[in-house]
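Every read-out reported here was derived from the displayed coordinates using simple, explicitly stated rules and does not represent laboratory data. What you are looking at is a predicted structure, and each value in this text was computed from that prediction instead of being measured. Glycine also receives a Cβ, built like all others from the backbone with ideal geometry; neighbour counts cover every protein chain displayed.
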Amino acid sequence: MSVQLLRRLFTVDQYYKMLEAGVLTENERVELIRGEIVKMSPIGIHHANCVDNLTELFILSLAKTVTVRVQNPVRLNDNSEPEPDIALLQRRQGFRRTQHPQPEDIFLLIEVSDTTVKYDQEVKIPLYAENNIVEVWLVNLPQKCLEVYRQPTANGYEIVQTFQRGETVAIQALPN
């Protein structure tokens, strides 16, 4: 016999009120996914090194074209504010002073996955597709490959490609 548990879901605004009230602290590694407060995994050395290397690559090659945001929130909708490892955003004067970036501001989201591959593939990638994130890269550290997701629909991404070490991939969502 299975029992259906009732869950209390939160909005992004309620999530921030919990932070203001001290229920959550800024040092806690949590994110809001579909209204649920989800504890994020600790950052391991391979994960950290990969994020550092990608960040340096993007800043050196794209700093005049995009804003590179590292491990900070993006607001997908009223009940989801994940913290992808890297976000490449449109450059706009001052637009992030009052709110986190939203889907229309995002060229590319990158998740680096060491211990969270299945969760990222089954929870976060579909969430990004539902919210029209045009391109997502999943760096799959255990498999030593890059999964590229493009052309979002309500049911996932229409194009999913896997690139191996040494293969070249380009960001399609960037303006020319």
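Some observations on this one:
- Considering only 26, 83, 122, the mean-square fluctuation computed in a Gaussian network model of the chain, springs between alpha carbons under 10 angstrom, is largest for 26.
- Hits among lysines - C-alpha to C-alpha of residue 118 under 21 Å, sequence gap 8 or more where chains match: 39, 144
- When its C-alpha radius of gyration is set against 2.2 N^0.38 Å (N residues), the stretch 100-149 gives a value of 1.12.
- Each listed q (0.15, 0.21, 0.22 Å⁻¹) maps to a log10 I(q)/I(0) for the stretch 43-164 from the Debye sum over equal C-alpha point scatterers, namely -0.66, -1.30, -1.41.
- Rotationally averaged projected area of the stretch 26-80 (alpha carbon convex hull; nm²): 4.9 nm²
- With Cα atoms, 0 to 90° folded angle of helix 45-62 axis to the chain main axis: 60 degrees
- Förster-model FRET efficiency, 25 Å R0, residue 144 and residue 57, C-beta, rounded to 0.05: 0.90
- For 64, 118, 124, 17, order by how many other beta-carbon atoms lie within 10 Å, fewest first: 64, 118, 17, 124
- Full extension of the segment from residue 23 to residue 64, taken as 0.36 nm per residue of separation minus the current Cα-Cα distance, would add 10.8 nm.
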